[in-house]
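Quick notes on the structure that follows.
What follows is calculated from the coordinates using simple rules that are stated; it is not laboratory data. The model shown is predicted, which means the values in this text are computed figures rather than measured ones. When we count neighbours, we look across all protein chains shown, and the Cβ atoms used for this are built from the backbone with ideal geometry, even at glycine.
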Amino acid sequence: MGLFNRRPKLPPAARPPLADDERVLAWAAVGNGEGDGVVVASNLGLWLPGRGHRLGWHDILKAVWSGRELTVTPAERVAERDGYLVVADCPTETYLLLDPGELPHQVRARVTRSVAYTQQHPVPGGAGRVAARRVPGVDGLAWTVRYDPGTPADDEPVVAETDRLVAAARAATAPANL
């Protein structure tokens with residue numbers, strides 16, 4: 001460690017293919033560090049071992065730090081509707097981090113900061129969460145709906161109520177001076 005307990009730099013072999021405007025904020029080796037990979041947090045998202053692409057902060061539905069393990073629940077895009085996406089939970093991914101450093105803090109802060117609006121609403125036959133997320137480098141908000149298990153997401157009354165809920169949420173969060 002350096003003079004002020006700085007973490008060692010990310011080894012070049014472990015560096016993901018960052019975009020031009022992307023920078024590493026924190027990283028941690030996974031498992032025993034013997035080639036299990038690294039988790040890398042950047043200003044644009046999270047790089048997880050075994051994935052060839054970055055998971056944007058806005059695409060993470062949930063991230064939980066147990067004190068030893070980071071568990072990430074990515075969003076899966078199920079349908080595209082007028083002005084919003086319908087998403088569902090992908091399988092969770094859990095990573096044992098023996099020396100996590102700032103990584104759990106960065107993940108929590110970035111996922112939390114990406115959420116501009118979130119509200120659970122009843123819909124016919126179930127419920128859904130309407131959310132608006134900030135996407136790095138993109139103006140405006142990305143709107144999503146995640147239905148509770150068992151909600152008949154494709155039923156016409158559910159789609160109509162969801163469209164109404166998203167429109168109302170967009171109107172309520174729109175800047176007043178536009």
### Task
Hand me the list of strands (runs of 3 or more DSSP E) wholly inside segment 8-81 holding 1 or more residues that are free of Cβ contacts under 8 Å to residues at least 60 places away in the same chain, in contact with a Cys (Cβ under 6 Å, 6 or more places away or on another chain) and surrounded by 14 or more Cβ atoms within 10 Å (Cβ to Cβ).
69-81
### Query
Across segment 135-163, what is the number of residues that are among the charged types (D, E, K, R) and crowded, with 16+ Cβ neighbours inside 10 Å?
2
### Task
List the number of the failed condition for Val87; all other conditions in (1) in contact with a Ser or Thr (Cβ under 6 Å, 6 or more places away or on another chain); (2) surrounded by fewer than 16 Cβ atoms within 10 Å (Cβ to Cβ) hold.
(2)
### Query
How many residues, within segment 90-114, are surrounded by fewer than 16 Cβ atoms within 10 Å (Cβ to Cβ), among the hydroxyl-bearing types (Ser, Thr, Tyr) and under 30 Å from Glu161 (Cα atoms)?
2
### Query
Which of the residues belonging to segment 82-116 are touching a residue at least 24 places away in the same chain (Cβ under 8 Å), more than 13 Å from the chain's Cα centre (by Cα) and not in a strand (DSSP E or B)?
Asp82, Gly83, Leu98, Asp99, Pro100, Gly101, Glu102, Leu103, Pro104, His105
### Summary
Across segment 79-125, the tally of residues that are of a type in the set (S, T, N, Q) and either touching a Pro at 6+ places or on another chain (Cβ under 6 Å) or farther than 14 Å from Ile60 by Cβ (or both) stands at 2
